[in-house]
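Comments concern the structure below.
The values are calculated or read from the model by the stated rules, or taken from the named source; none is laboratory data. These figures come from a predicted structure and were not determined experimentally. Note that each Cβ is placed from the backbone with ideal geometry, even for glycine, and that neighbours are counted across all protein chains shown. The accessibility values were calculated without ligands, DNA or RNA, using every heavy atom of the protein model including side chains. Shrake-Rupley method; radii C 1.70, N 1.55, O 1.52, S 1.80 Å.
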Amino acid sequence: MPIEPCILNYKVKHFLKRAGYDNAFIEGKPVDNADISRVTIISRDKDSLFNNIKLYKKSKLIFCKPMTEEILRICITYNKVNAITVDNTNFRLFRRKATLNLIRFHDKVVEVVLPHSSSYVIYKFVIWGYRWIRNILFSSCAKDFNEIWNPLSKINYLILHGADYEMATYWIFKSPQVLLNNVRSNYN
């Protein structure tokens with residue numbers, strides 16, 4: 001039961017079955033009750049982060065894209081933030097081992113946005129996934145149907161960047177389910 005971690009346009013959901021997915025986390029408002037909705041909060045200061053988190057009900061997955069080290073530490077330790085989003089713009093925040101140890105200690109899920117991440121960023125998270133970050137989501141963040149990465153393409157791409165087959169399969173198939181199981185109580 002593969003789940004695509006990020007779809008930016010609800011209309012793309014109809015193409016997911018053909019791409020090999022059973023479900024997706026859809027950014028924005030859910031159109032029907034079966035959808036799993038998510039929101040990505042981009043924050044540079046503490047006040048705007050907490051104000052934005054208060055706006056959303058418990059039925060949404062809250063992803064945080066921190067732009068400063070202080071916000072990153074808050075997102076890692078704050079329980080209402082379900083996952084942390086990473087791409088080229090905020091990758092520099094993850095270079096310290098103390099930050100990676102904090103992620104491991106709190107068992108926080110990290111999402112790597114494939115279209116906005118360089119090969120170096122993907123390679124580093126593959127390496128860090130073996131030691132510090134157990135559950136990494138590699139998402140296509142598709143706005144259109146031709147931007148959807150099928151699961152096999154993601155696995156091959158991760159293998160190309162240094163992952164072995166078992167870990168690449170775990171990250172693509174199991175990590176979204178682990179995230180969903182961790183927040184399942186929000187949907188009941």
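To the nearest 500 deg cm²/dmol, what mean residue ellipticity at 222 nm is calculated for the chain from DSSP H runs of n ≥ 4 alone, each contributing -39,500 (n - 2.57), summed and divided by the residues?
After summing the helix terms and dividing by residue count, I get -10000 deg cm²/dmol.
Under the Kirkwood approximation applied to all pairs of distinct alpha-carbon atoms, what is the hydrodynamic radius of the range 1-126 in Å?
About 15.4 Å for the range 1-126.
Would you check the accessible area of Tyr123, probe 1.4 Å, heavy atoms only, in square angstrom rounded to 10?
Taking all protein chains as shown, Tyr123 has close to 100 Å².
Can you sort His161, His106, His116 by 1.4 Å-probe accessible area, starting with the largest?
So the residues, ranked largest to smallest area, are His116, His106, His161.
Given a cut-off of under 8 Å on Cα pairs at least six residues apart, what relative contact order in percent is computed for the range 91-184?
After rounding, I find 27 percent.
Among the lysines in the range 61-188, how many pairs, 8 or more places apart or on different chains, have alpha carbons under 14 Å apart?
5
Convex hull over the Cα atoms of the range 118-164, averaged projected area in nm²?
Result: a mean projected hull area of 3.5 nm².
What is the calculated FRET efficiency for Glu147 to Thr68, with r their C-beta to C-beta distance and R₀ = 41 Å, to the nearest 0.05?
Efficiency, from the Cβ-Cβ distance: 0.90.
Which whole-number percent gives the relative contact order of the chain, counting Cα pairs below 8 Å spaced six or more residues apart?
That works out to 22 percent.
Taking the full set of protein chains and a 1.4 angstrom probe, give the accessible area of Ser119 in square angstrom, rounded to the nearest 10.
Approximately 60 Å² of Ser119 is accessible to the 1.4 Å probe.
Can you name the helices of the chain, as whole DSSP H runs, whose Cα span along the helix axis is 15 Å or more and whose Kyte-Doolittle mean is not below 1.6?
Sorted by number, there is nothing, because no helix extends far enough and scores high enough.
So what is the orientation-averaged projected area of the range 89-156, using the convex hull of its C-alpha atoms, in nm²?
Projected over every direction and averaged, the Cα hull of the range 89-156 covers 4.9 nm².
Given the range 51-181, report the % of alpha carbon pairs whose separation exceeds 23 Å.
More than 23 Å apart: 29 percent of the Cα pairs in the range 51-181.
Ranked by accessible surface with a 1.4 Å probe, highest first, in what order do Met1, Met167, Met67 come?
Result, largest first: Met1, Met167, Met67.
Counting Lys and Arg as +1 and Asp and Glu as -1, each charge on the Cβ, what is the dipole of the range 90-160 about the Cα centre in debye, to the nearest 20?
Rounded to the nearest 20 debye, it is 500 debye.
Give the separation of the Cα centroids, the range 4-29 to the range 43-110, in Å.
23 Å
Enter the accessible area of Trp149 (Å², nearest 10), with the probe set to 1.4 Å and all protein chains included.
My reading of the accessible area for Trp149 is about 70 Å².
Among Phe145, Phe63, what's the order by accessible area (1.4 angstrom probe), most exposed first?
These residues rank, largest area first, as Phe145, Phe63.
Once you put a point 7 Å from the Cα of Tyr123 and another 7 Å from the Cα of Thr99, both along the Cβ direction, what distance in nm separates them?
My value for the distance between the label points is 1.9 nm.
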